[in-house]
Amino acid sequence: MRLTAKQVTWLKVILHLAAFLPFVWLFWAGSQGYFSADPAKDIQHFTGRMALKLLLATLLVSPLTRYAKQPLLIRTRRLLGLWCFAWATLHLTSYALLELGINNLGLLGQEVVSRPYLTLGLVSWLILLALAATSFQKAQRKLGPRWQKLHNFVYLVAILAPIHYLWSVKILSPQPILYALAALALLAWRYKKFRQWWR
């Protein structure tokens with residue numbers, strides 16, 4: 001049975017809540033002192049993982065739409081992408097303010113250059129910024145065929161963001177590996193598209 005427009009509207013509400021409520025939890029956990037001895041790192045990792053989860057969810061929409069034969073499901077992709085950008089922005093902001101401090105924001109450029117994993121993270125964020133800024137129908141009409149070419153860069157983010165996560169952790173644990181494998185699986189799902197581009 002195919003989803004109706006009304007059901008998709010309710011699904012969007014659920015997805016908005018699923019993307020927003022972790023922010024409420026983050027604020028509450030911080031106010032209750034539930035973080036470790038290094039709360040800045042905890043917040044950075046939490047916001048980064050949320051951005052990565054939403055990126056993977058965004059990439060999952062198209063295959064689900066196609067293979068589950070649910071064409072209206074594609075309407076959820078933009079909201080997931082915008083929430084991914086929002087959490088990625090929180091991730092970057094938490095690093096700049098909590099790690100460097102508001103008085104040392106001038107060091108951000110130096111840090112990005114000297115630490116390659118930060119370079120990958122910033123490149124990913126810049127791509128997400130471009131995708132978020134052009135995610136609206138007006139931009140799609142204005143850009144024409146170039147819009148799809150631009151938004152194909154989300155696949156580059158799907159490569160760079162998991163590497164950024166893997167590279168940033170001091171002790172390798174299963175979690176970043178699982179995220180990387182999930183991203184790899186979602187990219188492999190599109191092998192026909194990539195093979196066509198290669199040809």
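Read-outs throughout are calculated quantities, based only on the coordinates presented, and are distinct from any laboratory measurement. Since we're looking at a predicted model, the values are computed, not measured. Note that we place each Cβ from the backbone using ideal geometry, even for glycine, and neighbour counts take in every protein chain shown.
Some points to look at:
- Computed from the C-beta positions of residue 177 and residue 37, the FRET efficiency with R₀ = 22 Å rounds to 0.30.
- Taking Cα centre as origin and charging only the Cβ of basic (Lys, Arg, +1) and acidic (Asp, Glu, -1) residues, the dipole magnitude of the chain rounds to 1520 debye.
- Nearest-ten-degree value, helix 154-168 long axis tilted from longest Cα axis of the chain: 30
- Helix-only [θ]222 nm of the chain, DSSP H runs n ≥ 4, -39500 (n - 2.57) each, per residue, nearest 500: -25000 deg cm²/dmol
- Tilt relative to the chain, helix 116-133 - C-alpha long axis, 0 to 90 degrees, to 10: 40
- Over region 94-199: Kirkwood hydrodynamic radius from C-alpha pairwise inverse distances, Å: 15.9
- Mean separation of Cα contacts under 8 Å (6+ apart) over length of the chain, as relative contact order %: 20
- Just checking the listed ones, 27, 153, 85: in the Gaussian network model of the chain with Cα springs under 10 Å, the one fluctuating most is 27.
- Between 0 and 90 degrees, the angle of helix 5-31 with respect to the longest Cα principal axis of the chain falls at about 0 degrees.
- Each of 44, 108, 61 was placed along the dipole of region 41-118 (beta-carbon charges, centred on the mean Cα), and the one lying farthest toward the positive end is 61.
- In region 59-104, the trypsin sites (Lys or Arg not before Pro) that fall in loop regions by DSSP, at most 13 other Cβ within 10 Å: 69
- Label positions at residue 126 and residue 10, each projected 7 Å from the Cα along the C-beta direction, are separated by 4.4 nm.
- Calculated FRET value between residue 108 and residue 72, using beta carbons and R₀ = 30 Å, to 0.05: 0.10
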